[in-house]
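Note sheet for the following structure.
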Amino acid sequence: MKRKLSNQFFINYLIIFLLVILATAIAISLLSLSSALASAAFVKNKYPASSIVKDDYRQIDASLIVKNGGSVQIIDKDYRVVFADGKDTIIKSQLSAAEFTDFLIQSKSKGMLYHHDILYNSKGEFWLIVSFPASIRIGIDFVFNSKADNDDFDKAILIFIMTIIVYLLLLALLTFIYSKITALQITKPLRKLSDGTRLLREGDYSARVDLHLKNEFAELQNTFNDMAERVGNEIALRKKSESDRKQLILDISHDLKNPMSSIQGYSQLCINKPNLSEQERNKYLQTINQNSKKANRLLTELLELSQMDSPEFTLKLLNTDLCEYIRQVCGEFILSLEQAKFYYEFDIPEESIFVLIDTDRFRRIIQNLMDNALQYNPAGTTIFIRLEEGDNQVIINFRDDGYGIPKHLSRDILKPFVRADSSRNSKTGGSGLGLSIAKKIAVAHGGDFVLNDDGYKGSSFKITIPKI
């Protein structure tokens, strides 16, 4: 890509090179044209010395020249100024031969402030000098004299051709260098962007580009880096999602396998041993019944979790006094708490606070928190429930002073099948879906459900819900 782009730049600048040559030729032609136009327009060209010269200098009429801003001087053979009219350009009245020679030489200099037209009259033996103030000098003159020496002519042509060649070579060199520099300014950032894209394609999502530029390439650089960061994040999320999906399948398989294996084993035992005592048979049937309930509860919660992820999932919202509602829900668990020898403290305001909730769904949040607290904590644990009103929301804090949740699980405890009991003990561990369901119910109500890190002993959860 770099070579092709560089060649394209070189071709473009080669075209520019040819256009510069054409522009130079046009400029010379225009300069010659402007010189011709100026010659026709300038007053100095309307009154040359030849138009007023006479053999007797006393008969020369200089009035028109002086009237148009010029001057006339006549110098005899002894270099005396015998006549002067208008603005004198020769201040002295007597010149030496050297001074007059210097004047003749300098009169053709481009730096002179006056234009001098000098004519020698051989009969009258005098020089007629017509002068006009010089306004501007424009012109390139190519003079060919057929009487010149052939050797001089050849040298002049050679010098002219060499000058043209050097000019063209210098122009070509500068064009080439400029094309390379310009191409490099384009290809270098493109190469870095190409390298970054290649690394990204090969799986290096940490690839970034730093061009140290502040032009459009900087915008492209920022766009590329943002894209790389987003792709990296998406890939990381996808990998984590895939890992979570695999772990979810393993957890479902594990949690279903145990009760189903128990059901299959005890039922097979009852079939293969028809002579079991009634006590043994009832014991086995009770085990089968408990495991079938456990499997059914797991499948029911999985179905509930799946339904809440469905676009068709809706809540049956009712205008509810949340304070009274929470008091009733808490009252339902008092007997369970006392039987487990738990203590409880409920701080619920007496005044009414109205919210829109699905009363059946929202009860599941408190029920799941209570179930977890009773399953994972020892006797003597205290449950704290506090309801308070915020600016635009209601906050329910649910806390216990039990064992708490291990630090390494705090970030993932609200995900499906994550348990504080990492051994997945069938006696103490639930389905691992309760907190995940509670989170989804709170979010579906427009609120949130989070694990607090407030430094207290035990575990602490915060439920928020919008206030009417």
**Request:** Specify the residue that is modelled with the lowest pLDDT; the eligible residues are those in the range 120-143 that are surrounded by 13 or more Cβ atoms within 10 Å (Cβ to Cβ) and within 12 Å of TYR57 (Cα to Cα).
**Result:** GLY124
**Prompt:** Among the residues of the range 100-111, is there at least one that is at pLDDT 75 or above, buried (at least 17 other Cβ atoms within 10 Å of the Cβ) and not in a helix (DSSP H, G or I)?
**Reply:** no
**Request:** State which residue pairs qualify: first residue touching a residue at least 40 places away in the same chain (Cβ under 8 Å) and inside the range 185-197, second residue part of a helix (DSSP H, G or I) and among the hydrophobic types (A, V, I, L, M, F, W, C) in any location, beta carbons under 9 Å apart, and separation of 6 or more residues or different chains.
**Result:** ILE186/LEU5; ILE186/PHE9; ILE186/PHE217; THR187/LEU5; THR187/PHE9; LEU190/LEU5; LEU190/PHE217
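Conditions tested, residue by residue: (1) surrounded by fewer than 11 Cβ atoms within 10 Å (Cβ to Cβ); (2) modelled with pLDDT of 85 or more; (3) in a helix (DSSP H, G or I).
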site	(1), (2), (3)
LEU220	no, no, yes
SER243	yes, no, yes
GLU280	no, yes, yes
ASN289	no, yes, yes
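When only residues in the range 353-381 that are touching a Phe, Trp or Tyr at 6+ places or on another chain (Cβ under 9 Å) and surrounded by fewer than 17 Cβ atoms within 10 Å (Cβ to Cβ) count, which is nearest to LEU305 (Cα to Cα)?
Among them, the one singled out is GLN367.
From the list GLU312, GLU324, which one is at pLDDT 90 or above and more than 25 Å from GLY402 (Cα to Cα)?
When all the criteria are applied, what remains is GLU324.
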**Fill in**
Reported set for the range 435-447 where residues are closer than 18 Å to ASP412 by Cα and either surrounded by 14 or more Cβ atoms within 10 Å (Cβ to Cβ) or among the hydroxyl-bearing types (Ser, Thr, Tyr) (or both) is LEU435, SER436, ILE437, ALA438, LYS439, LYS440, ILE441, ALA442
**Request:** Take the residues in the range 256-272 that are over 60 Å from the mean Cα position of the chain (by Cα) and exposed (fewer than 12 other Cβ atoms within 10 Å of the Cβ), then tell me which one is farthest from GLY432 (Cα to Cα).
**Result:** ASN272
**Request:** Kindly list the number of the only condition in (1) in contact (Cβ under 8 Å) with a residue 12 or more places away in the chain; (2) in a loop (DSSP other than H, G, I, E, B); (3) farther than 26 Å from THR381 by Cβ that fails for THR320.
**Result:** (2)
**Residues satisfying the stated conditions in the range 424-456, i.e. closer than 25 Å to GLU242 by Cβ, at pLDDT below 85 and either among the polar types (S, T, N, Q) or assigned by TED's automatic domain parsing to the domain that holds LEU298 (or both)** = SER431
**Prompt:** When only residues in the range 32-56 that are farther than 30 Å from GLY124 by Cβ and loosely packed, with under 13 Cβ neighbours inside 10 Å count, which is modelled with the highest pLDDT?
**Reply:** LEU33
**Item:** Pairs where the first residue, in the range 346-359, is in a loop (DSSP other than H, G, I, E, B) and the second is acidic (Asp, Glu), C-beta under 8 Å, 6+ apart
**Value:** PRO349/GLU388; PRO349/GLU389; SER352/ASP321; SER352/GLU324; ILE353/ASP321; ILE353/GLU389
**Complete:** In the range 59-84, anything charged (D, E, K, R) and either in a loop (DSSP other than H, G, I, E, B) or modelled with pLDDT under 90 (or both) is listed as ASP61, LYS67, LYS77, ASP78
**Item:** Answer residue from the range 301-350, given it is in contact with a Lys or Arg (Cβ under 6 Å, 6 or more places away or on another chain) and closer than 14 Å to LEU387 by Cβ and is surrounded by the fewest Cβ atoms within 10 Å (Cβ to Cβ) among those
**Value:** ASP347
**Message:** Take GLN94 and tell me if it is touching a residue at least 12 places away in the same chain (Cβ under 8 Å) and exposed (fewer than 13 other Cβ atoms within 10 Å of the Cβ).
**Reply:** yes
**Prompt:** Of the numbered conditions (1) outside any helix (DSSP H, G or I); (2) touching a residue at least 60 places away in the same chain (Cβ under 8 Å), ASP251 satisfies every one except a single condition; which is it?
**Reply:** (1)
**Complete:** Taking the range 51-72 and keeping only residues that are farther than 11 Å from ASP85 by Cα and touching a helix residue (DSSP H, G or I) at 6+ places or on another chain (Cβ under 6 Å), one is left with ASN68
**Message:** Just the residues that are farther than 17 Å from ILE463 by Cβ and aliphatic (A, V, I, L, M), please, taken from the range 337-387.
**Reply:** LEU337, ALA340, LEU374, ALA379
**Item:** Residue identified as at pLDDT below 80, surrounded by 14 or more Cβ atoms within 10 Å (Cβ to Cβ) and assigned to a loop (DSSP other than H, G, I, E, B) among LEU184, LEU213
**Value:** LEU213
**Complete:** Residue hits (the range 325-345; part of a helix (DSSP H, G or I), out of contact with any helix residue (DSSP H, G or I) (no Cβ under 6 Å at 6 or more places or on another chain) and either over 26 Å from GLY447 (Cβ atoms) or touching a residue at least 12 places away in the same chain (Cβ under 8 Å) (or both)) are TYR325, ILE326, ARG327, CYS330, LEU335, SER336, LEU337, GLU338, GLN339
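The values are calculated or read from the model by the stated rules, or taken from the named source; none is laboratory data. All figures in this text were calculated on a predicted structure; none of them were measured in a lab. No Cβ is skipped: glycine too gets one built from the backbone with ideal geometry, and neighbour counts run over all protein chains shown.
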